[in-house]
Amino acid sequence: MKKIFLLFLFTILLQSAYSQEKYTISGYVKASESGEELIGATIAVRALSVGVSANVYGFYSLTLPEGTYQVTYSYIGYQDLVKEVTLTKNQKIGVELGESVNALEEVVIEAEGAEQNIRSIEMSVNKIDAKDIKKIPALLGEADVVKSVLLLPGVSTVGEGSTGFNVRGGGVDQNLVLLDEAPVYNSSHLFGFFSVFNPDAVKNVKLIKGGIAPEYGGRLSSILDVRMKEGNSKKFTGSGGLGLIFSRLSLEGPLIKDRTSFIVAGRRSYADVLAKPFLGDDLSGSKFYFYDLTAKVNHKINENNRIFLSGYFGRDVFGSGFAFNWGNATATARWNHIFNEKLFMNVTAFYSDYDYSFGIEEDDPRDDFSWESSIISYSIKPDFSYYIDNKNTLKFGGQFIYYDFKPAEAFFVSDGQKNSISLPEKYAAESGVYIQNEQRIGSRTSLLYGFRISRFDYLGKGLKQNYRDSIPGIRRPLDSEESFDKLESIADYANFEPRLSIKYDLNELSSVKASYNRMSQYLHLISNTVASTPIDLWLPTTNNIKPQLADQVAVGYFRNFAKNKYEASAEVYYKDFQNQIDYIDNADIFFNEQLEGDLLSGDGRAFGLELFVKKNKGDLTGWISYTIARTERQVKGINRGKWYPTRFDRAHNLSVVTSYKLNEKWSFSANFIYSSGTPATFPTNRYEIQGIVLPHNDEDARNNFRIPSYHRFDISATLTPKKNKDRKFKGEWVFSVYNLYSRRNPFSIFFEQDDLDPRVTNAIRFSVIGSFVPAVSYNFNF
């Protein structure tokens, strides 16, 4: 592998070895009003038809022949800045862009230039700015990152109140959700109704569904990269909101002007406080609330070094005769270092902990129950960007992650006797190295190619369980166990993950793109419920549980219209999955020391067409996305070995998102969502024995029926009182209605015998939200 790595690097460097004398300008592009780095800002020399984009830290590097040039710095929503630069040596040029007056009068959806839809090598990528998230109507008027992502093509969910989301046929565990590069294992508050991301602290959201670059690894289906604000380095500011279910407050400002800044943002729901006067004595001790705190500080040491520290802590608490809580905690430390005008480095270290606990609140200590579970990860991740020339940008780096899994630390007390039902901890280490190059060939063609090599070790201290083979679909019996010492490798795996993307410009307004990527995943979410829940188990790859693999091919056509006012795309994709986990019938998930004997492994496939049209500028903005897709599995022992649809398979998904600015005081937004029904397993016949009805699936079919389709219409109106230029405090009222026409969308359907006639079986539709939900909230900033 070392020889492959060196040969790859030598080939790239050889391409740029012979050239005339050139010099490089480099630096950061920032917003003048806040000092925030502008991710993806464009730096171009139009006379030469060359340009680059700033990276996720706002850093750019542009190499040009000796001479004098007009260099244009641009970013949508900001005024272009043109600087005359005479190059006789390398120069550091940092710039700040001011907000455009026109941008204040119209809604702009995307934070990068609209041409990026065509020009960028990226495909299967969607970006949402924090301002856009706040304009989208949402449940109880509260802007939400994950709910906004669900409106994008290729993204779906099994229903309201479900945790996580599904991308191009992948499970919820197959999405790598990052907050400032730290993984978030459960991205939901309140059983999926809200996400853990505070929109007041979010700077940029990027969803990568395909053409995934080698710098990313560890999940099969997507990367949701959420970047926090750095904090205003110019002045002290604040923002917040008061809603029906929770309130939020964000404060940011400089500790040392233009060198050190911070941001702190917090939220707390208060449904429990409002409901307390109306609860009876038997429910007076009920608890149902969530809270989170997000914080970040960054410091510019000098022109070449900068450090960032960020963290998140959030928790949900529910209880009424029982105690149930879950939450995430993350901490990230990053160091940016510029070696020279061409070589940029970022080193990230993070800690991430997701845990939950469940217990019974009993007055009598002789009867008790307690259960705790968690997954903790520690990581170090160096990344390097080497700007060889304007046609080649080389990236390389690696990552090491150590995992600590606690499936169950549990006990119960009966008549004063304490009994442990805990399961042993599991340990693992994941590592990877990657190299990639983005290369321009001529004026029309761009390539991104490279690979990632990943390795996973299932570690001791622990037991290696060996199971005997059995009839597919039947629990495998335990054959033997072997004991391993601390950090001793129980099982290990390695995978080679090639990646390739290509883009060809048909003309100035359109391009075609294609990509291939292989992904490996070594973590598994164990759940056999209709939807993912906070108490699902995370387990590592073991000698019995193989790494999940996926190969994806995607092809797309991208086109802009009316001077980039409109952009459109059409993409088709095909994904092939290996080693997908499923379960025997009546599998025992919790407190099962031999759980791996209940797991099955099979193949999967997903394919579809995604259509996307977006209007970027004007008083009326928005987008329409439509996806037609299939997601299937084939597992020996299930559905008689035949292909069957997954629980999250939806054939059709349509989203219409609009925003209209009527005048300076009023703006309006609306969403319409339609999705085909999800599959479910229903009985095909029944037996009656002494008046008792027993349902039966005659064909042993899995997901043989579909529940009715899902559709919903949401609206909102925003009132901004007349602005006083001398007044720093500004506010707005948001009025919204979720599910305007009170659609009782089915989450699931179950069956029960009729109370009056036991011979009759009733199908019961369960809806999480069965009526319209009006809301009003007040947002402010100062």
**Report entry** Estimated inter-spin distance, SER49 and ASP698, nm [label 7 Å along Cα→Cβ]
**Finding:** 6.8 nm
Query raised in the report: Measuring from label point to label point, each 7 Å out along Cα→Cβ, what is the TYR741 to ASN466 span in nm?
Result: 6.3 nm
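When Lys and Arg each count +1 and Asp and Glu each count -1, what net charge do the other residues less than 12 Å away from SER676, Cβ to Cβ, add up to?
On the way: positive: ARG630, ARG650, ARG706; negative: ASP649.
For residues surrounding SER676, the net value is +2.
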Query raised in the report: Rounded, prolate or oblate: which fits region 239-360 when a ≥ b ≥ c are the square roots of the eigenvalues of the alpha-carbon gyration tensor, with rounded for a/c under 1.5 and prolate only if a/b beats b/c?
Result: oblate
**Report entry** Distance between region 306-322 and region 538-593 - C-alpha centres, whole angstrom
**Finding:** 28 Å
Report task. Give the calculated FRET efficiency between ARG640 and GLN578 to the nearest 0.05, with a Förster radius of 30 Å applied to their Cβ-Cβ distance. Result -> 0.90
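Using a Förster distance of 25 angstrom, determine the FRET efficiency expected from the C-beta separation of THR72 and LYS22, and round it to 0.05.
Numbers: r = 19 Å, r/R0 = 0.77.
Calculated transfer efficiency: 0.85.
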Query raised in the report: Quick one: accessible area per residue over region 125-781, 1.4 Å probe, rounded to a whole number of Å²?
Result: 43 Å²
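Pop out the carbon and sulfur fraction of the accessible area of the chain as a percent, whole number, probe 1.4 Å. Let's see the in-between values first.
Working: 19180 of 33970 Å².
Ligands and nucleic acids excluded, carbon and sulfur give 56 percent.
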**Report entry** Convex hull volume per residue for the chain, taking Cα atoms only, in Å³
**Finding:** 183 Å³
Requested in this report: Between the alpha-carbon centers of region 154-189 and region 623-671, tell me the distance in whole angstrom.
Outcome: 14 Å
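Quick one, can you get me the convex hull of the C-alpha atoms of region 660-782 expressed as volume per residue in Å³?
Numbers: hull volume 16.8 nm³, N = 123.
Output value, Cα hull per residue: 137 Å³.
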**Report entry** Length released on extending from PHE766 to LYS722, taking residue separation times 0.36 nm less the Cα-Cα span
**Finding:** 11.3 nm
Query - Cα-projected label distance for GLU482 with GLN79, points at 7 Å along beta-carbon direction, nm - result: 7.1 nm
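The values are calculated or read from the model by the stated rules, or taken from the named source; none is laboratory data. Here the structure is a predicted model, which means the values were calculated and not measured. All Cβ positions, even for glycine, are placed from backbone atoms using ideal geometry, and neighbour counts span all protein chains on display. Quick note on the areas: whole protein, heavy atoms, side chains included, nothing else; ligands and nucleic acids left out. Shrake-Rupley method; radii C 1.70, N 1.55, O 1.52, S 1.80 Å.
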